[in-house]
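Before any comments, here is the structure.
The values are calculated or read from the model by the stated rules, or taken from the named source; none is laboratory data. Model, not experiment: these values are computed from the prediction. Virtual Cβ from ideal backbone geometry, glycine too; neighbours counted across all protein chains shown. Just the protein is used for accessible areas: all its heavy atoms, side chains included, with ligands, DNA and RNA removed. Shrake-Rupley method; radii C 1.70, N 1.55, O 1.52, S 1.80 Å.
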Amino acid sequence: MIESVLPEIDDGRFPIARTPGELVTVSADIFADGHDVVDAALQYRRDGDADWQYEPMQLVTNDRWEAAFRPRNVGIYFYSLRGWVDRFKTWARDLRKKADAGQDLTLDLKTGSQFVAAAAKRASGADTQILNALSARLRKITGNDAAAAVAFSEDEDLLALMSRYRERTGDTVYQRELVMRVDPARARYSTWYEMFPRSCTTSAESPGTLRECAEYVEYVADMGFDVLYLPPIHPIGVTERKGKNNSTTPTAADPGSPWAIGSKDGGHKAINPELGTLADLRALREKAELHGVELALDIAFQCSPDHPYVKEHREWFRSRADGSVQYAENPPKKYQDIYPLDFETSNYAALAEELRSVIFFWVSQGIKIFRVDNPHTKPFPFWEWLIGETQRKYPDAIFLAEAFTRPKVMYRLAKLGFTQSYTYFAWKNTKADLTEYFTEISEPPVSEFFRPNLWPNTPDILNEYLQKGGRPAFIARLVLAATLGANYGIYGPAFELMENVPLREGSEEYLDSEKYQVRVWNRNDPKSLKGLIRRVNSIRRDHVALQHNNGLKFHTTDNPMLIAYSKISEDRGDKILVIVNLDPVNRQMGWVDVVLKEFRLAAGESYEMNDLLTDKKYIWQGTRNYVELNPAVLPAHIFRVEPLR
């Protein structure tokens with residue numbers, strides 16, 4: 001019997017997710033009737049390989065078996081389990097019992113010799129001769145020479161040969177071949193920076209271009225970001241264009257929302273001529289790559305009323321009762337400048353093929369990271385098909401789901417193939433909320449398929465904590481995002497310049513939102529957080545513990561405004577403890593109960609706490625230690641934990 005296999009997502013319906021070199025630990029309950037010795041192996045192979053590779057499983061406890069392997073390459077892998085009754089090991093076990101009881105072993109030795117001779121027939125090359133010789137040797141041992149018989153039966157070289165050439169026809173193979181999707185390393189660990197190219201300017205009357213955007217690549221790279229994400233760069237519609245602060249009465253100078261895609265200048269495969277050309281995009285991408293930064297583009301499958309699709313494929317859009325095209329709504333909000341695509345159209349196949357061609361077009365331009373706008377408003381089967389089609393041809397493509405929706409919908413999108421996902425992090429501001437949420441998403445089964453990407457702000461989200469908490473709030477949220485998750489991002493320069501004025505009281509929209517107008521940013525403002533951001537990203541780059549989502553452990557504090565958690569590398573050589581004051585106004589103090597076993601520290605042992613943010617060092621001892629954080633100075637510690645030697 002092989003059952004209760006882990007990891008297995010929805011009875012094998014969906015793949016688990018890993019990156020090259022990440023450990024895959026597989027466990028199952030494996031047992032059989034009777035008293036014979038049971039053995040088991042984990043088998044795995046990369047898609048396209050003819051042969052399985054095997055890892056012997058180890059019995060953990062109570063018929064629970066476990067084995068592990070590491071995929072080497074990006075792509076699709078399959079894994080399964082097999083179990084069997086091992087007749088030779090059963091014989092060897094029983095032989096020792098009979099020897100210990102002083103019984104005659106003559107018949108048992110003859111049986112063992114037959115087992116070895118049968119294995120010799122299945123062997124090849126020199127192993128055949130070795131096994132035949134061993135069989136003959138076993139026949140010469142007398143039934144009353146218990147010591148020689150037991151020593152022979154437990155010889156490690158013999159056991160290895162018998163295992164290699166055992167009879168496999170009676171194996172039980174698990175009923176499913178389970179699937180693993182191995183994504184590029186950047187799927188596991190990445191640091192994103194979102195920037196509007198048109199605001200790469202010194203004058204609001206002269207919008208920035210992709211060429212000017214390229215001039216800020218060094219600014220982005222210097223802060224330690226490795227993904228530069230651009231909102232839609234396509235032509236923007238004129239019909240129903242929105243003005244400043246989402247006004248429905250724009251002026252002729254208003255540039256419109258980049259998410260109102262399509263005009264006389266083209267649609268999803270075109271670049272807004274005000275931003276530049278494909279050659280300009282290529283120059284931007286190439287310069288970014290020179291600085292270790294990869295370009296990511298926004299994919300928003302929606303159209304402005306002026307998009308060529310509206311005229312050429314009216315059947316791809318729904319109609320209202322008066323015959324006009326249905327615009328986007330999220331009652332009571334109305335988005336008259338955006339037409340959703342109708343995925344229930346009778347011409348769905350043509351629509352799907354066209355949208356696939358959009359992705360393939362941008363991949364042909366060297367773009368392989370996509371942030372997907374509102375994927376939860378499109379059909380699940382569409383995404384499974386589209387991402388599958390893309391990754392079959394381009395296995396290193398990455399898709400980030402911007403799906404601020406219900407948890408099960410977010411998880412389904414991840415199962416269907418989305419490489420990363422936005423999260424509820426922006427709205428988790430209390431210790432209890434953060435602890436509960438990150439415990440859920442950092443542990444199986446969710447962690448097997450869901451990779452969080454944490455954003456303290458976006459062009460759509462300026463939460464109350466940032467609005468009212470000032471500089472300490474921005475720092476606290478930066479540290480939390482950068483250390484709780486291996487993937488995180490910020491919308492800048494709004495974040496490092498601590499933009500915190502809402503459109504109105506109770507709104508999460510920015511006043512003078514960059515979505516509707518060109519903004520001029522003083523990136524050299526001496527109050528900017530760019531220096532601290534550079535430091536935090538450097539810490540992430542230098543410490544492998546922060547480059548994985550596993551290994552997260554919360555530690556108890558006696559003050560609800562202090563949150564403490566650790567992340568530890570797989571080899572336990574890199575140990576990080578983070579403590580954050582969640583109160584942006586008041587100094588908070590309290591006692592942290594360090595779980596010493598997480599750091600391989602003995603009770604009462606002293607250890608060094610090196611604050612990587614300030615380079616200050618402290619000596620702590622034992623479990624309980626005092627912490628005091630003044631938000632006016634710095635609301636967080638990022639400690640590297642080192643034993644005193």
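Couple of notes before you dig in:
- Of all residues in segment 209-227, those being closer than 16 Å to E496 by Cα and part of a loop (DSSP other than H, G, I, E, B) number 4.
- Some residue of segment 160-175 being without any contact (Cβ under 8 Å) to a residue 12 or more places away in the chain and of a type outside the set (S, T, N, Q): yes
- Of the listed requirements (1) more than 30 Å from E3 (Cα to Cα); (2) part of a helix (DSSP H, G or I), D104 misses just one: (2).
- Any hit, segment 483-504, residues being without any contact (Cβ under 8 Å) to a residue 12 or more places away in the chain and not aromatic (F, W, Y): yes
- Filtering L275, L284 for residues that are open to solvent by less than 20 Å² (accessible area, probe 1.4 Å) and assigned to a helix (DSSP H, G or I) leaves a single hit, L284.
- Inside segment 387-402, residues that are farther than 12 Å from P184 by Cβ, open to solvent by 30 Å² or more (accessible area, probe 1.4 Å) and among the acidic types (D, E) make up a count of 1.
- Considering D558, D542, D593, D512, the condition of being open to solvent by 40 Å² or more (accessible area, probe 1.4 Å) and under 22 Å from the mean Cα position of the chain (by Cα) is satisfied by D542 alone.
- Any hit, segment 125-133, residues being of a type outside the set (D, E), touching a residue at least 40 places away in the same chain (Cβ under 8 Å) and assigned to a helix (DSSP H, G or I): no
- Residue within segment 461-478 that is at pLDDT 95 or above, in contact with a Gly (Cβ under 9 Å, 6 or more places away or on another chain) and closer than 23 Å to A296 by Cβ present: yes
- Restricting L278, L297, L284, L290 to those that are at pLDDT 95 or above and over 17 Å from H234 (Cα atoms) reduces the list to L290.
- E570 vs. criteria touching an Asp or Glu at 6+ places or on another chain (Cβ under 8 Å) and either of a type in the set (S, T, Y) or over 30 Å from K468 (Cβ atoms) (or both): no
- Where L462 falls short, out of the listed (1) touching a residue at least 60 places away in the same chain (Cβ under 8 Å); (2) of a type in the set (A, V, I, L, M, F, W, C); (3) touching a strand residue (DSSP E or B) at 6+ places or on another chain (Cβ under 8 Å): (1)
- Among residues of segment 469-498 being hydroxyl-bearing (S, T, Y) and farther than 16 Å from F639 by Cα, the one that is surrounded by the most Cβ atoms within 10 Å (Cβ to Cβ) is Y488.
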